[in-house]
Amino acid sequence: MQLKTSSKQTKADLLVLPLYKAKTLPKELKKHLSKSQQEEINSAFKRKIFDADLGKTLTLHGKTTSITLLGLGEKKKLNLHKVKKAGSALACPAKKTKACVVSIPDKEHGLWLATALLLKSYKFQKHLSKKDKDQIKTVIIPENFKKEATEFSTLIESIYFARDLINSTSNEIGPKTLMQEAQKLAKSSSKIKVAVLDRTRLKKMGMGAIMAVGQGSKDGPYIVTLEYKNSPKKGKKPIAITGKGLTFDTGGINLKPTGHIETMKQDKTGACTVLGIFKALSELKTKGHFIGAIGLAENLIGSDAGRPGDIVKAYNGKTIEVTNTDAEGRMVLADVLSYTEKKHKPSHIISLATLTGAVMVALGSDITGLTTEDEKLRKSILKSAEEVDEPTWELPLYEDYCEKTKGTISDLLNYTKGVNAGTIMGGAFLKEFLEKTPLAHLDMGGTGWADEGKDCCPKGATGANLMLVIKTLEKL
Ligand code: BES
Ligand code: MN
Ligand code: ZN
């Protein structure tokens, strides 16, 4: 997979011509087309086979090169969201091509058309004995976009990397393997250092919350910290990104039912996204100081598993009654958050997690849930969300709900019966584990995984929020 710039279009076997809604072939496209092609296209317009509606394509197959007209719909209505839709529609006509040239209508849009095409063309094939080799190899955009093409190419590759990890099954990637993936990433970059806390260390340090989640599995738990430093500003504190890394979530003794358990390999999405973010930071050579902290565990059942009703003590000293073993992500993050605050004293923390199923009820599978009490984080995240078109919506940390995380025989409950605002309750619980560091928690329970293919993404791991976080870090 490559996003390249070139002034020559000779090696391409597909030329993409984007155009706004029209009734005939626009003049400016004529120079790319022979007389007979022009006639063919105009006849398609006349017979209403093609009208350049958003995401509609018309492909003419030549002897060596094909041409795809890509509809952008009405010019006035075009925005980034629609450009991404249109770009995704190219995945089908571009499938068998080696190289495809996108003739750009406008700088930003052209870049995103190419990006959407590549994101949509991703395939997770490692378990297929017969691999589909008809995959687009290169997308070429004009030479004057060299800098942007390199940046976007890195982002796309990092998203592919995160997707590969998330899509990997729980018998391939357990807590230990994911920890090793973090070590591998650190090894590949001189700017990343890695530190691992294993079960023995976690226990000694009093991390009773993550320990309680991982105790039913032989594998893990771990807290892995990545530290990226590249000419940081003097006196500026690092920014931390934390991630939930449940390599499988059975729900524990509060076992998940059929229909809900099958895709729970996705519960490592937060952690894998953090790894993807650090890969991108190091390849983009971003300036600054960043901490990535991931909590890795497997929530299994068995004779060693924790029980509903158990009370454990977290790293910050607060006691938690495990009222539901399926609310395990917040337990893992509880220790990751207080450890990160104490050890690295970051200026801000952004947390990524497939924390609740409830976020899907509130916002569906296209919108990420945000909870925060910090204006700067809120503003920069929501602005970045718009810039990369990764819809994000804030849910309130309503005080009366937050109060309901309090227990009667323990300081906190990991789940409170009767409060139906599940996503807010997750965010409310997390903030109990920070003393003063501003936190933004992104609940990707809906957006991390696509049950069916959608814009910019085939079925499976989406890679959502990687671009959003990179853009946010630039603003903080
Ligand atoms: N990992 C799940 C949330 C989830 C569900 C993510 C579906 C992606 C798709 C999380 O650990 C969980 O089980 N949450 C429960 C919490 C409840 C028991 C308080 C939920 O939201 O149902
Ligand atoms: Mn769970
Ligand atoms: Zn979970």
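With 21 Å as the limit, the listed pairs Lys203/Lys313; Lys123/Lys218; Lys146/Lys379; Lys193/Lys379 have Lys123/Lys218; Lys146/Lys379; Lys193/Lys379 beyond it between alpha carbons. Of the cross-linked pairs Lys184/Lys343; Lys82/Lys107; Lys4/Lys187; Lys376/Lys436, those separated by over 18 Å at the C-alpha level are Lys184/Lys343; Lys4/Lys187.
Got a sec? How would Lys191, Lys244 order by Cβ neighbour count within 10 Å, fewest to most?
Numbers: Lys191 16, Lys244 33.
Fewest-to-most Cβ neighbours within 10 Å comes out as Lys191, Lys244.
If each residue of separation counts as 0.36 nm, what is the full-extension length gain between Val419 and Glu387 once their alpha-carbon separation is subtracted?
Separation in residues times 0.36 nm, less the Cα-Cα distance, equals 8.1 nm.
Evaluated at q = 0.13 Å⁻¹, the base-10 log of the normalised Debye intensity for the chain, with identical point scatterers placed on the Cα atoms, takes the values -1.12. Scanning residues 5 or more positions from Ile140 or on other chains, those with amide H under 5 Å from its amide H are Lys4, Cys100, Val101, Val102, with H placed 1.01 Å from N in the peptide plane.
Estimate the FRET efficiency between Lys77 and Lys379 by the formula 1/(1 + (r/R0)^6), using the beta-carbon distance for r and 30 Å for R0, to the nearest 0.05.
Values: r = 27 Å, r/R0 = 0.90.
It comes to 0.65.
The modelled label-to-label distance between Lys23 and Glu394, using points 7 Å beyond Cα along the C-beta direction, is 4.8 nm.
Here the residues Arg330, Arg47, Arg307, Arg199, ranked from fewest to most Cβ neighbours within 10 Å of their Cβ, fall in the order Arg47, Arg307, Arg199, Arg330.
Show me the ranking of peptides 433-446, 280-293 by mean Cβ neighbours inside 10 Å, starting with the highest.
Details: 433-446: 22.4, 280-293: 20.4.
Per-residue Cβ counts within 10 Å, averaged per peptide and sorted highest first, yield 433-446, 280-293.
Comparing Cα centroids, segment 71-136 and segment 222-298 end up 28 angstrom apart. Extent along the principal axes, Cα only, for segment 383-470: 47, 29, 17 Å, with the longest axis given first.
Readers should treat all values here as calculations from the given coordinates under stated rules, not as data from a laboratory. Everything numeric in this text was worked out from a predicted model, so none of it was measured. Virtual Cβ from ideal backbone geometry, glycine too; neighbours counted across all protein chains shown.
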